[in-house]
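The numbers here are math on the coordinates, done by the rules we state, and not lab data. These numbers come from a predicted model, not from an experiment. Glycine also receives a Cβ, built like all others from the backbone with ideal geometry; neighbour counts cover every protein chain displayed.
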Amino acid sequence: MKKYAIILAAGKGTRMRTELPKCAYPILKKPMIEYIIENLERSMIDEIIVVVGHKKEVIQEILGDRVKYAIQTEQLGTGHAVLAAKELLQGKEGITFILPGDMPLMEYPLMDKIMRAHGEMGNDLTVVSMHMDYPKAYGRIVRDEYGEVTSIVEENDCSEAQKLIKEVNSSVYVANNKVLFDYVSQIKKNARKGEYYLTDIVGLMHQERKVNTFMVRNPMVTMGVNDLYGVSVAERYLRDFINKGHMLNGVSIVNPDTVTIGHNVIIEEGVWIYPNTTLLGQTTIKRGAKVGPNSEVVNSLIRENAEIKHSIVYDSEVGENTTVGPFAHLRSHAVIGANNRIGNFVEIKKSTTGDNTKAAHLSYIGDAVVGKNVNFGCGSITVNYDGVNKHITNIGDDVFIGCNVNLIAPIKISDNVFIAAGSTVTNDVPKGALAIARNKQINKEDYAKHFIKPKE
Ligand code: UD1
Ligand code: CA
């Protein structure tokens, strides 16, 4: 049986008060809707349809052609949003999984479980519900004296008695696709809000079709994010959930409340993560590495036993046993070899280094190809930019670069070269040479008195 998913992501998200449409708003730096799509892609769903409308380009930019789109031109409510998918799905055999685009925390095994339960119960409609101690902002599940669900009532339409109901609608549904649109088409405008509520489908279906609920035990995973406080609640939950997973896998995390690890980060056993550290994007930390405190690693590979302290690593690789920091910055494909030492106030951009290379203090290395056993003295830099273009610096193996050296690119420094401190090197240096490129020192005897008065 074919399984379709409809994600409702056309709404404005007025309560967010943000420029970004709600479903594009990031949770741990990743758009909310991407969590949903990633999980659906791993679930048993065959086809994903995202209903877009308000600022649809933003959502479409994020999801590209991973999904199909249905356009809801006017935001007339969740029922109206489902109707936007009618053209794509009406009449097809199968089941349809409906999810709100503001519920980022449900993982795919639960999605599959809900869909299986729908089939096993032989339902035409399954409403996923949960228990909330403070159910405000959620629709209440109303049942008759036999315990059958008869309707869903939104907070503002609730009687005082209904307000006390703590079983609420998650806005996740599974429906028999053949009949879904017949009923959605019958939904009438809510008089008070002027919107078509998808929740009304329960009242329409329960007498003619089999309607049941599936209760989710952990209400956090079906939490709807409606405002920026909700964003922080979802982030706190997700942070703890992800950190716990890593800790159970043998990763030591010190003061985990201050450590933020993205959904896609891979961390091997025996890694240590210290406080105030953020690991995001497609990042992998290999066995024995230590990251933090106060570090940010994004889209990067940190190899075995490397150490990153008080540093920033973006789109880069750090080799085995290499130490980075304190206060270093690697970015734009800095690929650092094994046993390097990248120390205080060193920035490395779009460069590679061989093994055993060191830049221990105050260097800028940009657009450079650096060999092994190279020593960058304190303050030595590559001068890669002439104001218009960037140029390459090539450095061989076993090179010693003295303090405060400028290597004016394009330039090639061959193997076994020694560059004297303070040199501004503009020409290539051949293998084995000593390069000195600075003015000769002149000592004028007894001349300092013209500048400083000797003390009495
Ligand atoms: C909805 C449910 C409520 C449930 C809650 C769970 C309705 C009427 N209410 O309320 O019972 O407890 O979710 O989180 O369904 N959307 C559109 N087009 C629209 C309106 C909304 O695509 O015209 C999308 C939004 O982008 C959002 C989702 O539908 O992703 C839910 O809309 P939202 O306004 O957040 O509904 P709630 O008030 O939270
Ligand atoms: Ca919501």
*asked:* Projecting each Cα onto the charge dipole of segment 251-362 (Lys/Arg +1, Asp/Glu -1 at the beta carbon, about the Cα centre), which of 279, 253, 263 comes out farthest on the positive side?
replied: 279
*Could you give the size of the charge dipole of the chain about its Cα centre, using +1 on the Cβ of each K and R and -1 on the Cβ of each D and E, expressed in debye and rounded to the nearest 20?*
940
_Under 20 Å from a point placed 7 Å out from the Cα of residue 117 along the Cα-to-Cβ direction: which residues of segment 142-186 have their backbone N that close?_
142-144, 146-153, 165-177
*Find the Cα radius of gyration of the chain, compare it with 2.2 N^0.38 Å by division, and give the number to two decimals.*
1.36
*Would you mind counting up the charge near residue 53? Only other residues with Cβ under 10 Å from its Cβ, with Lys and Arg at +1 and Asp and Glu at -1.*
+2
*For the charge dipole of the chain, defined by +1 on Lys and Arg C-beta atoms and -1 on Asp and Glu C-beta atoms about the Cα centroid, which residue among 225, 447, 417 has the Cα displaced farthest towards the positive pole?*
447
_What distance in nm lies between label points placed 7 Å from Cα along the C-beta direction at residue 436 and residue 1?_
8.7
*If you take the square roots of the eigenvalues of the alpha-carbon gyration tensor of segment 342-417 and sort them as a ≥ b ≥ c, do you get rounded (a/c under 1.5), prolate (a/b over b/c) or oblate?*
oblate
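Lys and Arg at +1, Asp and Glu at -1: add these up for the other residues within a Cβ distance under 13 Å of residue 416 and post the number.
Numbers: positive: 372, 431; negative: 397, 398, 415.
The answer is -1.
Determine, for each peptide in 390-401, 343-354, the mean count of other beta carbons within 10 angstrom over its residues, then list the peptides with the highest first.
Working: 390-401: 19.1, 343-354: 21.6.
Result, highest mean Cβ count within 10 Å first: 343-354, 390-401.
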*asked:* Taking θ = phi - 60°, what integer Hz values does the Karplus form 6.51 cos²θ - 1.76 cosθ + 1.60 yield along segment 65-75, in sequence order, with x for Gly and Pro?
replied: 9, 5, 9, 9, 10, 10, 9, 9, 5, 10, 8
_Exceeding 26 Å between C-alpha atoms, which entries from my cross-link table qualify? They are 56/86; 12/193; 92/113; 30/244; 358/440._
358/440
*Using the Karplus equation 6.51 cos²θ - 1.76 cosθ + 1.60 (θ = phi - 60°), what ³J(HN,Hα) coupling, rounded to whole Hz, does each residue of segment 325-341 give in order, writing x for Gly and Pro?*
x, x, 6, 10, 9, 10, 8, 6, 6, 7, 10, 9, x, 7, 6, 8, 10
*At R0 = 45 Å, FRET efficiency that the Cβ-Cβ distance of residue 86 and residue 236 yields, to 0.05*: 0.75
*Would you please give the residues with an amide H less than 5 Å from that of residue 413, counting only those at least 5 places away or on a separate chain, with H modeled from the backbone geometry?*
394, 395, 396, 429
_Spin-label proximity, residue 207 to segment 118-159 - amide N less than 19 Å from point 7 Å beyond Cα toward beta carbon_ = 124-125, 142-153
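If you place +1 on the Cβ of every Lys and Arg and -1 on the Cβ of every Asp and Glu, how big does the dipole about the Cα centre of segment 74-232 come out, in debye to the nearest 20?
Values: 17 positive and 22 negative charges, 15 e Å.
It comes to approximately 80 debye.
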*Using a basic spin-label model with each label point 7 Å from the Cα along Cα→Cβ, how many nm lie between residue 136 and residue 428?*
7.4
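From the Cα gyration tensor of segment 374-444, with a ≥ b ≥ c the square roots of its eigenvalues, which class applies: rounded if a/c is under 1.5, or else prolate if a/b is larger than b/c, or else oblate? Kindly include the intermediate steps, with their values, before the conclusion.
Values: a/c = 1.81, a/b = 1.20, b/c = 1.50.
Oblate, because a/c is 1.5 or more while a/b does not exceed b/c.
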*Options 211, 185, 196, ranked by Cα towards positive dipole end of segment 175-230, top entry (Cβ charges)*: 211
*List, largest first, the extents of the alpha carbons of segment 222-346 along their principal axes, each in whole Å.*
46, 27, 21
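Please work out whether segment 231-272 counts as rounded, prolate or oblate from its C-alpha gyration tensor, where a ≥ b ≥ c are the square roots of the eigenvalues and a/c under 1.5 means rounded, while otherwise a/b larger than b/c means prolate and anything else oblate?
Working: a/c = 2.38, a/b = 1.76, b/c = 1.35.
Judged from the Cα gyration tensor, segment 231-272 comes out prolate (a/c at least 1.5, a/b above b/c).
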*Would you give the gap between the C-alpha center of segment 427-456 and the C-alpha center of segment 359-390, rounded to a whole Å?*
24
*Using θ = phi - 60° and the Karplus relation 6.51 cos²θ - 1.76 cosθ + 1.60, list the HN-Hα couplings for segment 424-429 in order, rounded to whole Hz, with x at every Gly or Pro.*
10, 9, 10, 10, 4, 10
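Per DSSP H run of n ≥ 4, the term is -39500 (n - 2.57); total these for the chain, divide by its residue number, and report the mean residue ellipticity at 222 nm rounded to 500 deg cm²/dmol.
Numbers: 9 runs with 82 residues, N = 456.
Theoretical 222 nm ellipticity from helices: -5000 deg cm²/dmol.
If we count other beta carbons within 10 Å of each Cβ, what is the order of 45, 36, fewest first? Intermediate results must be reported in sequence, preceding the final value.
On the way: 45 21, 36 27.
If I rank by nearby Cβ atoms, fewest first, I get 45, 36.
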